[in-house]
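Take a look at the following structure, please.
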Amino acid sequence: MELLKEVANISGQSGLYRILKPTRTGVIVESLDGKKARSVVGANARVSVLKDISVYMANHQDNAIPLGDIFLAIREKHGEKVDINVKNSTDADLFDFLDSVAPDFDREKVFASDVKKMINWYNILSTNMPDVFSAPTEVEAEKPAEA
């Protein structure tokens, strides 16, 4: 799930974006849809890198699980696509889905809108960046962690 450090959500814009490189005034991003449109996102925009996002857990020692681990659990349980229509789903349906892949999530801190985003992001990544879900190669696994 190391590739998640290259993927971001930009507040106020739908979809996900691959971070290409920084500029003096922000970063250059490429949309993860069929268009692959590139644009510059200013430094004042809220850019959330998926690698840094976690889901609150009620009975977890760190009280949060990385989004990448949630995505792997979704992949294991639901395959390449989650067949839930997030626009027409009830909050109970969304929470049941998350409970099936991440039992003991904190129901007071995780909102239905968060679950909708997770499902949408998972489907986008599965369609446009399936290599995110592949296991690291032996060479990558043997590399020492960078400081």
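The values are calculated or read from the model by the stated rules, or taken from the named source; none is laboratory data. What you see is a predicted model; the values in this text were computed from it and never measured. Note that each Cβ is placed from the backbone with ideal geometry, even for glycine, and that neighbours are counted across all protein chains shown.
Looking at Asn9, Asn59, which one is more than 20 Å from the chain's Cα centre (by Cα) and either not basic (Lys, Arg) or not in a strand (DSSP E or B) (or both)?
Of Asn9, Asn59, the one residue that is more than 20 Å from the chain's Cα centre (by Cα) and either not basic (Lys, Arg) or not in a strand (DSSP E or B) (or both) is Asn59.
Further question on the same structure: So Ile65 ticks every box in (1) within 20 Å of Asn120 (Cβ to Cβ); (2) assigned by TED's automatic domain parsing to the domain that holds Val101; (3) in contact with a Phe, Trp or Tyr (Cβ under 7 Å, 6 or more places away or on another chain); (4) among the aliphatic types (A, V, I, L, M) but one. Which box is left unticked?
Failed condition: (3).
Considering segment 102-120 alone, what residues qualify as being closer than 17 Å to Ser89 by Cα and surrounded by 20 or more Cβ atoms within 10 Å (Cβ to Cβ)?
Val115, Met118, Ile119 - these are the residues of segment 102-120 that are closer than 17 Å to Ser89 by Cα and surrounded by 20 or more Cβ atoms within 10 Å (Cβ to Cβ).
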